[in-house]
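Participant: Just passing along the structure, written as structure tokens.
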Amino acid sequence: MSGLDLGAPASRATGVSRFSRALPLPAGAGMARWVIARNAMAFRHGWVALVTGFAEPVFYLFSLGIGIGALVHSVRTDGGSEVPYAVFVAPALLASSAMNGAVMDSTFNVFFKLRYAKLYDSMLATPLGPRDIAVGEIGWALLRGALYSAAFLAVAALAGMVTSWWALLALPAAVLIGLAFAAIGMWATTFMTSWQHFDYITLAIQPMFLFSATFFPLSTYPEGIRWLVQATPLYHGVALERGLMLGEVGWALAGHTAYLVVLGVIGALGAARRIERLLLT
Amino acid sequence: MLVSARGLTKTFGDFVAVDGIDVEVRRGEAFGFLGPNGAGKSSTMRMIGCVSPATGGELRIFGQDPAVDGPAIRARLGSCPQADMLDEELTVQENLWIYGRYFGLTKAQTRKRATELLDFAQLTDRRGDKVEPLSGGMKRRLTIARSLINNPELLLLDEPTTGLDPQARHILWDRLFRLKRQGVTLIITTHYMDEAEQLCDRLVVMDHGRIVAEGSPRDLITRYSTREVVELRFDSDDHADHIDAVTGVAAASRVELLPDRLLVYTDDGDATSADLHARGVIPLSTLVRRSTLEDVFLHLTGRTLVD
Ligand SMILES: Nc1ncnc2c1ncn2[C@@H]1O[C@H](COP(=O)(O)OP(=O)(O)O)[C@@H](O)[C@H]1O
Ligand SMILES: [Mg+2]
């Protein structure tokens, strides 16, 4: 160990940390990318998850599009056009898989790292702050989600289920859906203290998956519960994707986008704040 | 002065874990916190490591305030918490690589440093293995190696050898000596008096969140104990029965009662033993030994360090 040089210590007090001190934000050093890099490193040891994350929505697409599509020939969308069932359901599957992927990454994985692996404790002993951890974990969930969504879109396009050039924006939209759900999911996870609490997540996700105008248009729901459907985040994700992939573009899409952005920002701040409260005691 | 604390306090709800301690750690020394479980050592270390805000008092590390400059201070620190907290999803060398990046080192810097540190931690031949199957001693060495990735000026070690077998402890002590020789300032907590004696230039004895004594190991022993101790075990349930017979024996200044033995503090162990024999006090066993920090702790608090 004679060669171990004890020269100048590595310090990079960043301008970002100085800036964030002026705002009521949880501390961060602008180094969230290293949290992402760490996850990518760990992921190389478990790449099988990548295959399953991609395969699931594609299986859904073919079983629903081809199976149900044979029974239901066309659907009148809320935008007023008449489309084959597979074309109708593909955007909803894209939105749901963006949600599912984000929730998986930001709940199960984060819970394990937070409560068992103590990964964040060891990160907080370095210049990294709680905000870096929240942003990094959510960013990682988005990266994975973007990969799945891109693959899904390619398959859907090849199968002739994409009808508009607006569909190019479906990928960033899927990332936005991932952001909203990853952020809220991570925030919720910081309140969980046992694996049983994950039942609440399933309880929230499953009905949303089924009833967010995913498999049939909003107009088929009884008048009295439409507002409930429209209040769920997945509804806005589905509506956004459907608008883009079918080329039914209007101001409503801006509303859906805003809803998801707000959810993502609130979730990310909440998650960072909670990590600070839990670990920096 | 690398660390200075004035009236440093940490409370959890109503419970006072650290009760207004004053500490100064100088550059280049190995400084110890010696105390039993629950004394407040880890709470103190976490405050110095800038991962736990102080409830009260003043704390400066490198002259900076953790509440304001936490990330900048942590960039110059190495920290080995009581639990290893290694990244078990990564391999041994990946643990070092990614940790370097958390400190803002470049990839080249990190790789070079990691190679040196693997050698230092005697883990070069395990570098591609997952962390999980490593022995306790190896994990501890990897934790220390990881905490050195940023060339810290100050290394915090919270109970570095707790839970390790004697051989692993000696390997670890040897590594820590090397660091000390290279000029790294060490702050060590321990409830092992032999560890404190071996490693620390200066230490404070901590109990119930307070500092009860401060000095070099030699210093403390001279101040709070005698040169030697005669340990007497009797064939009886209650060693208190024998206190009277032993009190006032030659060269002795004090007798302490433990559940399983009497400790006679003396300047001359042989003279004390001979006098006991002359008095007709016949214990099952008699052991004459040097005073240790354990005796200091017993004298100061009336309790033993390890129960
Ligand atoms: N996060 C916490 N919440 C409540 N009590 C705590 C917490 N951390 C430590 N304590 C209490 O503070 C006391 C001192 O703990 P600690 O600093 O870990 O002591 P040591 O490291 O000397 O064993 C203990 O009684 C412990 O139970
Ligand atoms: Mg402790």
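The numbers here are math on the coordinates, done by the rules we state, and not lab data. All figures in this text were calculated on a predicted structure; none of them were measured in a lab. Positions of Cβ are backbone-derived with ideal geometry, glycine not excepted, and every protein chain shown enters the neighbour counts.
Participant: Suppose R0 equals 22 Å. What FRET efficiency, 1/(1 + (r/R0)^6) with r the Cβ-Cβ distance, do B:Asp119 and A:Phe43 give to the nearest 0.05? Display every interim value, and only then the final one.
Facilitator: Working: r = 29 Å, r/R0 = 1.30.
My answer for the efficiency is 0.15.
Participant: Among A:Tyr120, B:Tyr99, what is the fewest-to-most ranking by other Cβ atoms within 10 Å?
Facilitator: Working: A:Tyr120 23, B:Tyr99 29.
So the ranking, lowest neighbour count to highest, is A:Tyr120, B:Tyr99.
Participant: Could you work out how far helix B:136-147 tilts from the main Cα principal axis of chain B, as a 0 to 90 degree angle to the nearest 10?
Facilitator: So the helix axis and the longest Cα principal axis differ by about 50 degrees.
Participant: Further question on the same structure: Have a look at A:Leu210, A:Leu124, A:Ala174 and report the one farthest towards the positive end of the charge dipole of chain A, computed about the Cα centre with Cβ charges (Lys/Arg +1, Asp/Glu -1).
Facilitator: Comparing the listed Cα positions along the dipole, A:Leu124 ranks first.
Participant: On alpha carbon coordinates alone, what is the Rg over Rh value for segment A:86-141, Rh being the Kirkwood radius? Working shown, then result.
Facilitator: Working: Rg = 15.2 Å, Rh = 12.8 Å.
Reported Rg/Rh, Kirkwood definition of Rh: 1.19.
Participant: Next question. So which residue, out of B:Asp125, B:Asp14, B:Asp65, gets the largest mean-square fluctuation from a GNM of chain B using Cα contacts under 10 Å as springs?
Facilitator: The residue that fluctuates most here is B:Asp14.
Participant: What's the center-to-center distance, using Cα atoms, between segment B:191-249 and segment A:163-178 in Å?
Facilitator: 73 Å
Participant: Taking the Cα centre of chain B as the origin, how large is its charge dipole in debye, to the nearest 20, when only Lys and Arg (+1) and Asp and Glu (-1) carry charge on their Cβ atoms? Don't jump to the answer; show the numbers that get you there.
Facilitator: Details: 38 positive and 46 negative charges, 364 e Å.
The calculated dipole for chain B is roughly 1740 debye.
Participant: Considering the alpha-carbon set of the protein assembly as shown alone, what are its Rg and its Dmax in angstrom?
Facilitator: 31.5, 113
Participant: List, largest first, the extents of the alpha carbons of chain B along their principal axes, each in whole Å.
Facilitator: Principal-axis extents of the Cα atoms in chain B, largest first: 74, 45, 34 Å.
Participant: Give the relative contact order (percent, whole number) for chain B; include only Cα pairs under 8 Å separated by 6+ residues. The partial results should precede the final answer.
Facilitator: On the way: 600 pairs, mean separation 60.4, N = 307.
Relative CO of chain B lands at 20 percent.
Participant: Sorted by packing (mean other beta-carbon atoms within 10 Å per residue), highest first, where do A:264-274, B:257-267, A:181-191, A:61-71 land?
Facilitator: Numbers: A:264-274: 20.6, B:257-267: 17.6, A:181-191: 25.6, A:61-71: 14.6.
With the highest mean Cβ count within 10 Å placed first, the list reads A:181-191, A:264-274, B:257-267, A:61-71.
Participant: Taking a quarter of the surface of the convex hull around the Cα atoms of segment A:72-179, what do you get in nm²? Can you show the working numbers first?
Facilitator: Values: hull surface 33.8 nm².
The directionally averaged projection comes out at 8.4 nm².
Participant: Calculate the dipole size of segment A:25-279 relative to its Cα centre from +1 charges on Lys and Arg beta carbons and -1 charges on Asp and Glu beta carbons; express the result in debye to the nearest 20.
Facilitator: Details: 14 positive and 12 negative charges, 143 e Å.
Using Cβ point charges on Lys, Arg, Asp and Glu, segment A:25-279 gives about 680 debye.
Participant: What lysines sit close enough to B:Lys139 to cross-link, taking a C-alpha to C-alpha distance under 29 Å and skipping anything fewer than 8 places away on the same chain?
Facilitator: A:Lys113, A:Lys118, B:Lys41, B:Lys107, B:Lys112, B:Lys130, B:Lys180
Participant: Could you please report the charge total around B:Lys130, scoring K, R as +1 and D, E as -1 over all other residues with beta-carbon less than 9 angstrom from its beta-carbon? Spell out each step's value before the answer.
Facilitator: Working: positive: none; negative: B:Glu88, B:Glu89, B:Asp129, B:Glu132.
Net of charged neighbours comes to -4.
Participant: Run the paramagnetic zone check for A:Tyr221: 7 angstrom along Cα to Cβ, then residues of segment A:96-115 with backbone nitrogen under 20 Å.
Facilitator: A:96-100
Participant: A further question follows. Is there a quick way to get the dipole size of the protein assembly as shown? I mean about its Cα centre, with the Cβ of Lys and Arg at +1 and of Asp and Glu at -1; what is the value in debye to the nearest 20?
Facilitator: Numbers: 55 positive and 59 negative charges, 476 e Å.
Dipole about the Cα centre, nearest 20: 2280 debye.
Participant: In addition: Give me the angle, in degrees from 0 to 90, between the Cα long axis of helix B:269-278 and the longest principal axis of the Cα atoms of chain B, rounded to the nearest 10.
Facilitator: Relative to chain B, helix B:269-278 is tipped by roughly 30 degrees.
Participant: OK, next. For segment B:13-44, list residues with backbone N below 16 Å from a point placed 7 Å from the Cα of B:Val306 toward its Cβ?
Facilitator: Output list for this probe position: B:34-38.
Participant: Report the dimensions of segment B:226-290 along its three principal axes from the alpha-carbon atoms, largest first, rounded to Å.
Facilitator: Principal extents (largest minus smallest coordinate, Cα): 28, 21, 18 Å.
Participant: What's the angle, to the nearest 10 degrees (0 to 90), between helix A:233-246's Cα axis and the longest principal axis of chain A?
Facilitator: 60 degrees
Participant: So how far apart, in nm, are the two label points at A:Val265 and A:Val249 if each is 7 Å from Cα heading toward Cβ?
Facilitator: My value for the distance between the label points is 2.4 nm.
Participant: Report, to two decimal places, the Cα Rg of segment A:25-279 normalised by 2.2 N^0.38 Å (N = number of residues).
Facilitator: Dividing the Cα Rg of segment A:25-279 by 2.2 N^0.38 Å gives 1.03.
Participant: Sticking with the crude label model, points 7 Å out along Cα→Cβ, report the distance from B:Leu284 to A:Ser164 in nm, one decimal please.
Facilitator: About 9.0 nm separates the two model spin labels.
Participant: Here's another thing I want to ask about it. At 0.36 nm per residue, and after removing the present C-alpha to C-alpha distance, how many nm does the segment from B:Arg233 to B:Arg6 gain when stretched out fully?
Facilitator: Values: separation 227, 0.36 × 227 = 81.72 nm, distance 4.38 nm.
Full extension of this stretch gives 77.3 nm more.
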